[in-house]
């Protein structure tokens, strides 16, 4: 296992992204990522996708705000079709995900396995991002190394699983990691400069992690602002040879 990709010397000649798409833009990490993008790249065009885009706050950057239901391919197709034709995407950051709701909590035992729970986790965590990328590929900028970062999770690493449990979440993120690898292999044949990776955000203070924070040491619970800043650093550092890999918020690779 190599060290952090953040230890690399940044190429000052690397062009800044002119157009960035963020899916899940109203979530804790997605909204913070948009803010960091606007701060770092004040001239970039932002395409923000969310279930309720009307709740998105204003930014100084030009924005295109588009409704998106990641669980429905028809909706995904419609959302991508609403991206202005003049825009080519340099970066895409997919920050959608699901762990629990009022009816479902992470399973502690196989005895709690439930088909509806499993299907919903796969639909949101694996199928939705894959279908969104399927439709976005034609909109990636063909003239440069377009970068796609999809929020995954270290608990989706089969080789790193020591505790078991959380079956639907673990399995759906493991499936996402495989899909990321498949996309990377196929994209390399068409445009070797394109990059797609999985990103592990760490334990971030958000509605997703809120019910489980009592077991997290205070110094390990990250703010969305910190997480977004770190993931933006990782995105900036990516190279084509990284495509298909999994990286955490410190730029450290981890195994599927």
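The values are calculated or read from the model by the stated rules, or taken from the named source; none is laboratory data. Quantities reported herein were computed from a predicted structural model and do not represent experimental measurements. Cβ sites come from the backbone with ideal geometry, for glycine too, and all protein chains shown count toward neighbours.
Touching a strand residue (DSSP E or B) at 6+ places or on another chain (Cβ under 7 Å), closer than 23 Å to residue 203 by Cα, without any contact (Cβ under 8 Å) to a residue 40 or more places away in the chain and crowded, with 16+ Cβ neighbours inside 10 Å - does that describe any residue in segment 20-27? Yes, that holds for at least one residue.
Taking helices (runs of 4 or more DSSP H) as the structural unit, those lying wholly within segment 112-206 and holding at least 3 residues that are surrounded by fewer than 17 Cβ atoms within 10 Å (Cβ to Cβ) correspond to 115-122, 167-190. Consider segment 207-218 and keep the residues that are in a loop (DSSP other than H, G, I, E, B) and under 19 Å from residue 151 (Cβ atoms). The one that is modelled with the highest pLDDT is 207.
Restricting attention to segment 37-54, the residues that are farther than 23 Å from residue 142 by Cα and crowded, with 20+ Cβ neighbours inside 10 Å total 1. Listed conditions (1) within 22 Å of residue 126 (Cβ to Cβ); (2) in contact (Cβ under 8 Å) with a residue 24 or more places away in the chain; (3) in contact with a strand residue (DSSP E or B) (Cβ under 8 Å, 6 or more places away or on another chain) are all met by residue 67, apart from (2). Quick check, is residue 246 within 20 Å of residue 97 (Cα to Cα) and at pLDDT below 95? Judged against the criteria, residue 246 is not a match. Here residue 101 meets the list (1) within 22 Å of the chain's Cα centre (by Cα); (2) modelled with pLDDT of 95 or more; (3) assigned to a loop (DSSP other than H, G, I, E, B) almost entirely, failing just condition (2).
Within segment 9-19, none of the residues are under 15 Å from the mean Cα position of the chain (by Cα), in contact (Cβ under 8 Å) with a residue 60 or more places away in the chain and crowded, with 16+ Cβ neighbours inside 10 Å. If the condition is being surrounded by 22 or more Cβ atoms within 10 Å (Cβ to Cβ) and free of Cβ contacts under 8 Å to residues at least 60 places away in the same chain, then segment 227-244 contributes only 243. Residues in segment 8-26 that are modelled with pLDDT under 95 and out of contact with any helix residue (DSSP H, G or I) (no Cβ under 8 Å at 6 or more places or on another chain): 9, 11, 12, 13, 15, 16. Cβ separations smaller than 6 Å between residues 6+ apart or across chains give the following pairs from segment 90-108 residues that are under 16 Å from residue 122 (Cβ atoms) to residues that are assigned to a loop (DSSP other than H, G, I, E, B): 96/24; 96/70; 99/208; 106/166. Take the conditions (1) under 27 Å from residue 168 (Cβ atoms); (2) crowded, with 19+ Cβ neighbours inside 10 Å; (3) under 19 Å from the mean Cα position of the chain (by Cα); residue 73 misses just one of them, which is (2).
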